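Report on the structure given below.
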Amino acid sequence: MDLDVLTGLSSGQRLVLYGRCRELIGQIAKPGGRPPAIDLYRSVMMVVCLMRKNGTQEFTGAVFGVSQSTVSRRWDLLRPVIRRAVASFIPHPREILGAGTALVDGTITPTWDWKHVPDLFSKKAGIAGMNVQVAATLSGNIAAIGPFTVHGARHDAHAFEASGLKELLEDIPAAGDLGYVGVDGVSIVPVKRAAGCDLRDCDAEFNTAFSRMRAAIERAIAHFKTWRMVSGEGGRYRAPINKFEDTLQAIIGLMFFRAFA
């Protein structure tokens with residue numbers, strides 16, 4: 001079993017993560033009780049693997065040699081523990097951006113279309129999901145991700161604040177596309193053509209240069225979605241929707257942990 005591939009973490013990072021989780025939770029087996037079906041180290045790696053590769057619980061259980069029900073129990077037990085274990089590795093956006101400007105954009109992370117949950121379907125993306133707000137440097141490195149749940153039908157203009165990204169970027173200049181026109185906290189946007197009028201040449205040149213610059217945010221979003229649980233590739237987010245926010249925060253922490261630990 002190649003845990004480097006399954007988790008995206010080096011052996012040293014896996015040991016650090018295991019140690020932090022053990023401090024938070026202790027051992028899985030109680031003294032005098034039956035040995036667990038899978039020990040804490042492999043349990044932590046199994047949960048990280050679920051986030052990284054987004055396999056079904058049945059398939060992931062087969063990879064790690066346990067039942068689907070064991071995978072489900074470990075997922076619920078360790079997901080919030082992992083989130084806490086890596087939270088301190090999430091930097092302030094200014095540490096990544098320096099004195100630069102943040103590029104911001106939203107992306108839809110696909111979910112099931114839960115009929116009892118309103119506003120999941122994004123007409124723009126054509127799928128049901130959550131609107132996740134991302135900030136990046138001009139070179140395409142992720143600087144911050146809004147940690148809170150926003151349903152996919154809500155526009156970027158609403159999601160920027162509702163996701164918590166506006167607060168994270170306080171006092172940091174931000175640039176967004178036309179979806180952020182008039183949004184407090186996003187000071188740089190393309191020039192919008194007025195009805196019945198053509199753009200001035202200088203405005204058209206600015207928009208072209210701005211569009212090229214914003215390609216970096218697309219690279220940042222693609223990097224974020226290498227965590228397949230928030231990507232349309234290989235499926236979609238399958239767990240109950242009320243666990244999405246906790247999962248998102250764990251993935252954000254793991255992403256920065258992988259980069260900086």
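The values are calculated or read from the model by the stated rules, or taken from the named source; none is laboratory data. Here the structure is a predicted model, which is why all the values come from computation and not from measurement. Every residue, glycine among them, receives a Cβ derived from its backbone with ideal geometry; neighbour counts consider all protein chains shown. To get the accessible areas, we keep the full protein, side chains included, count just its heavy atoms, and leave off ligands, DNA and RNA. Shrake-Rupley method; radii C 1.70, N 1.55, O 1.52, S 1.80 Å.
When you look at residue 119, is it free of Cβ contacts under 8 Å to residues at least 60 places away in the same chain, over 19 Å from residue 214 (Cα atoms), open to solvent by 80 Å² or more (accessible area, probe 1.4 Å) and among the acidic types (Asp, Glu), yes or no? Outline the logic, then answer.
Working: free of Cβ contacts under 8 Å to residues at least 60 places away in the same chain: yes; over 19 Å from residue 214 (Cα atoms): yes; open to solvent by 80 Å² or more (accessible area, probe 1.4 Å): yes; among the acidic types (Asp, Glu): yes.
Taking the combined requirement at face value, the residue satisfies it.
So residue 107 fits all but one of (1) of a type in the set (S, T, N, Q); (2) at pLDDT below 95; (3) in contact with a helix residue (DSSP H, G or I) (Cβ under 9 Å, 6 or more places away or on another chain); what number is the exception?
For residue 107, the failing item is (2).
Yes or no, residue by residue, for (1) open to solvent by less than 50 Å² (accessible area, probe 1.4 Å); (2) polar (S, T, N, Q):
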| residue | (1), (2) |
| --- | --- |
| 145 | yes, no |
| 148 | no, no |
| 152 | yes, no |
| 163 | yes, yes |
| 200 | no, no |
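Residue by residue, here is whether (1) in a helix (DSSP H, G or I); (2) open to solvent by 10 Å² or more (accessible area, probe 1.4 Å); (3) in contact with a Cys (Cβ under 7 Å, 6 or more places away or on another chain); (4) at pLDDT 95 or above holds:
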residue	(1), (2), (3), (4)
19	yes, yes, no, yes
24	yes, yes, no, no
29	no, yes, no, no
44	yes, no, yes, yes
48	yes, no, no, yes
52	yes, yes, no, yes
69	yes, yes, no, yes
83	yes, yes, no, yes
94	yes, yes, no, yes
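Confirm whether residue 179 is closer than 30 Å to residue 244 by Cβ, open to solvent by less than 70 Å² (accessible area, probe 1.4 Å) and at pLDDT below 95. If you could, list the steps in order and put the result at the bottom.
Working: closer than 30 Å to residue 244 by Cβ: yes; open to solvent by less than 70 Å² (accessible area, probe 1.4 Å): yes; at pLDDT below 95: yes.
Taking the combined requirement at face value, the residue satisfies it.
Quick check on the range 214-225. Is at least one of its residues more than 24 Å from residue 178 (Cβ to Cβ) and free of Cβ contacts under 8 Å to residues at least 12 places away in the same chain?
The answer is no; no qualifying residue exists.
For the range 227-242, check the following and say yes or no: at least one residue is part of a loop (DSSP other than H, G, I, E, B) and modelled with pLDDT of 95 or more.
yes
What's the number of the only condition in (1) more than 23 Å from residue 239 (Cβ to Cβ); (2) over 15 Å from the mean Cα position of the chain (by Cα) that residue 116 fails to meet?
(1)
Going through the range 84-109 one residue at a time, which ones are among the polar types (S, T, N, Q) and within 15 Å of residue 249 (Cα to Cα)?
Residues of the range 84-109 among the polar types (S, T, N, Q): 88, 101, 107, 109.
Once the filter is applied, which keeps residues that are among the polar types (S, T, N, Q) and within 15 Å of residue 249 (Cα to Cα), the range 84-109 yields 88, 109.
Take the conditions part of a helix (DSSP H, G or I), surrounded by fewer than 17 Cβ atoms within 10 Å (Cβ to Cβ) and hydrophobic (A, V, I, L, M, F, W, C) and apply them to residue 87. Does it pass?
yes
Given the structure, is residue 60 in a strand (DSSP E or B), open to solvent by less than 10 Å² (accessible area, probe 1.4 Å) and at negative phi?
Answer is no for this residue.
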